[in-house]
Amino acid sequence: MYSFLIALACLIVGYFTYGKLIEHIFDPDDRPTPAVAKADGIDYVVLPTWKIFMIQFLNIAGTGPIFGAILGAKYGPAAYLWIVLGCVFAGAVHDYLSGMLSLRHDGAGLPELVGLYLGGRTKKVMLVFSVFLLIMVGVVFVYSPAEILKSIWGSTTLWIIAIFAYYVIATMLPIDKIIGKIYPLFAFALIFMAVALFTCLIIKFPKLPELWDGVGNLAVKTGHESEPLFPCLFITIACGAISGFHATQSPLMARCLKSERKGRPVFYGAMITEGVVALIWATVSAYFFYGSPAPGYEIIEAAKQTGYATSAPAVVNIICNHWLGVFGGILALLGVVAAPITSGDTAFRSARLIIAETIHLDQKPIVKRLMVSIPLFGVAILLLLWQVESPDGFDTIWRYFGWANQTLSVFTLWTLTVYLVQQHKPFIVTLIPALFMTLICSTFLMVSKSAFHLGTTISYIGGMIVVLIALIWFFRWYSAQSATKRA
């Protein structure tokens, strides 16, 4: 528990110190924002800062800081290090700078920003990559809440139809009609659930594995099946540390900010808040897996024997009902069901805007919104049908979503690095995270059972080679930039 409290303090201090430094590096000013200069009543709408923060938090959170933290907690105290260091020095920097860069470019989406700074070819790759990722997000976040809701009433298919119908409506309507009204309430429920669990932790103050006990793979030491801590922990805990998906969501809120000076609490602050939620869930899960006295893992095992699934949603329900009773069960429903649904609809909205921006199609007329949305929903329906019919359809999509999510953060971090170089600003703040995430994603692709499944030694060497190539490319480009400037 002491490691948890130290990590929590570090996240809060990080917002007020490193977050302030990153804000100073970007240097926000009083220029008109896209919400003011391009107001259209559909996607460019000025909203109150507190509401933008709540929407941004829910947009980027989904079930990431819950499910990812639960799975990551099995690795042991190393999860604390990644959540804190990843969130403060990588994830929040990634979210803030990508959001602010969108502000500076009239609310441009991620592929457009990548194209501006990494070139047209990379833009084309990113366009396909990001749109497909966003469709996968929408599909994943239809199926998982539908599976949970069927235990209350109805069937998975019925709930899939209902959730998907909501997606269609939320994607098409102006952002302030549904998203601007109900998201703050769901975000409050998610935060309230985290606060309630935090209170339970303080009252119980269980004995947990601490950082000074070692940061090795605790799952392996205790006999649980697990992939290598490096790099798999850094893919498993994504939204609580760094997530490329966030860079596709930040432009939505960049189009609603009235002032650049509100960027740090919205973008950096929402990511730190998500880190806090992930930290709480990692600690609660650690108690149920490894804590004492009376480790809760026995409860999960007993549930398994009675046919209760031990998936992340099931663990959430077990934890909330065991600690918070009936009220906790309601909170679990709001957190685990509403969070993915609200991330799914904004994923489709982001995909619509990215495509419309690429083909220069005005989105104010509803007919033109339908022209983009119908093909998107068609592809999503095909993936949903395959996911429902295939025994391992959901698991397959989820695994590839996790890797694609972090790979997207690599493209974003390199884009931000090039931007900072061109602006003659300290680019080291994004270069180091870019190199680290390049190493993580390339190594994971080689070592994971879901990909090439090579030996760990070969995979680590391969990952280092990829990073070396990226570093050589960057410094050759940087030298060319410096030479051009001198000339």
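The values are calculated or read from the model by the stated rules, or taken from the named source; none is laboratory data. Fair warning: this is a prediction, and the values are worked out from it, not measured in the lab. Note that each Cβ is placed from the backbone with ideal geometry, even for glycine, and that neighbours are counted across all protein chains shown. Each accessible area value is taken on the protein alone, full model and side chains, heavy atoms only, with ligands, DNA and RNA left out. Shrake-Rupley method; radii C 1.70, N 1.55, O 1.52, S 1.80 Å.
If only residues of the stretch 36-55 that are open to solvent by 40 Å² or more (accessible area, probe 1.4 Å) and β-branched (Val, Ile, Thr) are counted, the one that is farthest from THR346 (Cα to Cα) is VAL36. Failed condition for ILE83, given (1) open to solvent by less than 10 Å² (accessible area, probe 1.4 Å); (2) within 28 Å of PRO174 (Cβ to Cβ), with all others met? Unmet condition: (2).
Among the helices (runs of 4 or more DSSP H) confined to the stretch 312-400, the ones with at least 2 residues that are modelled with pLDDT of 80 or more are located at 339-358, 366-389. Residues that are touching a Phe, Trp or Tyr at 6+ places or on another chain (Cβ under 7 Å), part of a helix (DSSP H, G or I), within 30 Å of TYR478 (Cβ to Cβ) and open to solvent by less than 20 Å² (accessible area, probe 1.4 Å) occur in the stretch 107-119; there is at least one.
Taking the listed residues THR443, THR412, the one that is within 14 Å of PRO231 (Cα to Cα) and in contact (Cβ under 8 Å) with a residue 60 or more places away in the chain is THR443, with no other qualifying. Scanning the stretch 198-211 for residues that are in contact (Cβ under 8 Å) with a residue 24 or more places away in the chain, part of a helix (DSSP H, G or I) and either touching a Phe, Trp or Tyr at 6+ places or on another chain (Cβ under 6 Å) or open to solvent by 40 Å² or more (accessible area, probe 1.4 Å) (or both) gives PHE198, CYS200, LYS204, LEU211. Once the stretch 236-249 is narrowed to residues that are assigned to a helix (DSSP H, G or I) and out of contact with any Asp or Glu (no Cβ under 6 Å at 6 or more places or on another chain), the residue that is most open to solvent (accessible area, probe 1.4 Å) is THR236. A single entry from ILE42, ILE55, ILE25, ILE70 fulfils the requirement of being within 19 Å of ASN405 (Cβ to Cβ) and either touching a Lys or Arg at 6+ places or on another chain (Cβ under 8 Å) or part of a helix (DSSP H, G or I) (or both): ILE70. Residue selection: ILE70 satisfies the criterion of being in contact with a helix residue (DSSP H, G or I) (Cβ under 7 Å, 6 or more places away or on another chain), at negative phi, at pLDDT below 90 and surrounded by 24 or more Cβ atoms within 10 Å (Cβ to Cβ).
Once the stretch 28-39 is narrowed to residues that are in contact (Cβ under 8 Å) with a residue 12 or more places away in the chain and either of a type outside the set (A, V, I, L, M, F, W, C) or assigned to a loop (DSSP other than H, G, I, E, B) (or both), the residue that is farthest from PHE427 (Cα to Cα) is LYS38.
Under the condition of being under 26 Å from GLY119 (Cβ atoms) and over 24 Å from the mean Cα position of the chain (by Cα), which residue from the stretch 441-465 is least open to solvent (accessible area, probe 1.4 Å)? Ranking the candidates gives GLY462 first.
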